[in-house]
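Reading through the structure tokens given below for one structure.
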Amino acid sequence: MADPISLDDTIRSEVRREMEIARAKYGENFELLCIEGSWGDTIDDRKALQLLRSLNRTGSIYAKVICRV
């Protein structure tokens with residue numbers, strides 16, 4: 001019987017997939033670079049996945065943009 005895939009591996013795999021999608025959509029986007037640089041440091045796997053899904057869905061990790069320059 002094969003070993004079950006751990007939840008951590010599954011989430012990390014999803015993070016990498018969402019990161020690839022974001023990179024294809026946005027290139028070297030500042031928000032993407034911030035997530036990538038902080039993932040595993042100050043942002044855990046679940047938070048990184050949440051932020052990447054938000055970025056891919058809405059174009060931003062922020063729920064509301066108050067002002068654009």
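Exactly which GluC sites (Glu not before Pro) in region 23-69 are in a DSSP loop and have at most 15 other Cβ atoms within 10 Å? List each step's numbers first, then the result.
Details: sites: E28, E31, E36; in loops: E28.
For GluC sites (Glu not before Pro) across region 23-69 that sit outside H, G, I, E and B with at most 15 neighbouring Cβ atoms in 10 Å, the list reads E28.
For every other residue with a beta carbon closer than 12 angstrom to the beta carbon of E36, add +1 if it is Lys or Arg and -1 if Asp or Glu, then tell me the sum.
Every neighbour counted, the sum reads -3.
Given a Förster radius of 22 Å and the C-beta distance between E14 and I66 as r, what FRET efficiency does 1/(1 + (r/R0)^6) yield to the nearest 0.05? If you can, show how the numbers build up before the last one.
Values: r = 30 Å, r/R0 = 1.37.
Efficiency, from the Cβ-Cβ distance: 0.15.
Each value in this text was obtained by applying a stated rule to the coordinates, not by laboratory testing. Being a predicted model, the structure only gives us computed values, none of them experimental. Counting neighbours? That spans all protein chains shown, and the Cβs are built from the backbone with ideal geometry, glycine included.
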